[in-house]
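See below for the structure under consideration.
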Amino acid sequence: MVRPKMQQSALPQAVQALAGQLANAGYKVTTPRLSVLDAAVDHAGSFTAADIDRWLAIRDRSPGAASIFRTLKLLTELGLLQRIHGVEECHRYTLSSGHAHRVVCTTCGRLVEFDGCELAALMQQLEQRTGYLIQAHLLEFFGQCPSCRAHH
């Protein structure tokens, strides 16, 4: 699929795969969306909308903050990105790897996913106590990674 300023085939395979998922969900694969996907794939760990905007601005490819926010929202709704709740900042995002729990560095944004979701018993208790049918949960821990601690 050729776009005015960018050929999808010239993008990394991971970006092309995500663009294919976007198209399969019935959405147009526009140049701004490809740009955001390209920036997201290039970021190791987590990133903010401002990180994406800076990355794209350096390459003279920023579609503007509003377009970036709309694209991040759409990609999150489609499950291609996961939104990470910040402690004292705006939300961060990461490429989706399915259901995951994370430890997020509050200094550099690096994240580590970990296995071992042992919340089933707690969820069952909460359902019994509240009458809610719990459909999903988030578990994120925040702290400073070893590298950032070593530099302080």
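The values are calculated or read from the model by the stated rules, or taken from the named source; none is laboratory data. Note that the structure is predicted; figures quoted are calculated from it, not measured. Cβ sites come from the backbone with ideal geometry, for glycine too, and all protein chains shown count toward neighbours. Side chains are part of the model used for accessible areas, which takes the heavy atoms of the whole protein and leaves out ligands, DNA and RNA. Shrake-Rupley method; radii C 1.70, N 1.55, O 1.52, S 1.80 Å.
Miscellaneous remarks
- Put a dot 7 Å past the Cα of A65, heading toward its Cβ, do the same for S147, and the two dots end up 2.8 nm apart.
- Built amide H within the under 5 Å cut-off of Q144, gap 5+: T106
- Solvent-accessible surface of segment 20-152, taken per residue with a 1.4 Å probe and all protein chains present: 61 Å².
- Here the peptides 22-29, 100-107 are ranked by packing, the mean other Cβ count within 10 Å, and the order with the highest first is 100-107, 22-29.
- If R0 is taken as 25 Å, the Cβ-Cβ distance between E140 and T31 corresponds to a FRET efficiency of 0.15.
- Helix content alone sets the calculated 222 nm mean residue ellipticity of the chain: runs of n ≥ 4 DSSP H residues at -39500 (n - 2.57) each, divided across all residues, give -12500 deg cm²/dmol.
- Whole-number D in µm²/s for segment 64-152 (Stokes-Einstein; Kirkwood sum over Cα pairs; 4 °C, 1.567 mPa s): 85
- For the pair L122 and T107, the difference between a 0.36 nm per residue extended length and the Cα-Cα distance amounts to 2.3 nm.
- Degrees separating the helix 13-24 axis from the principal Cα axis of the chain, which is the longest one: 80
- Coupling constants for segment 131-136 follow from the phi torsions by the Karplus curve (6.51 cos²θ - 1.76 cosθ + 1.60, θ = phi - 60°), and in residue order they are x, 6, 9, 6, 9, 7 Hz; glycine and proline get x.
- Annotation for L74 and A14: the two label points, set 7 Å from Cα along the Cα-Cβ direction, are 2.1 nm apart.
- Segment 28-129, dipole about Cα centre (Lys/Arg Cβ +1, Asp/Glu Cβ -1), debye to the nearest 20: 340
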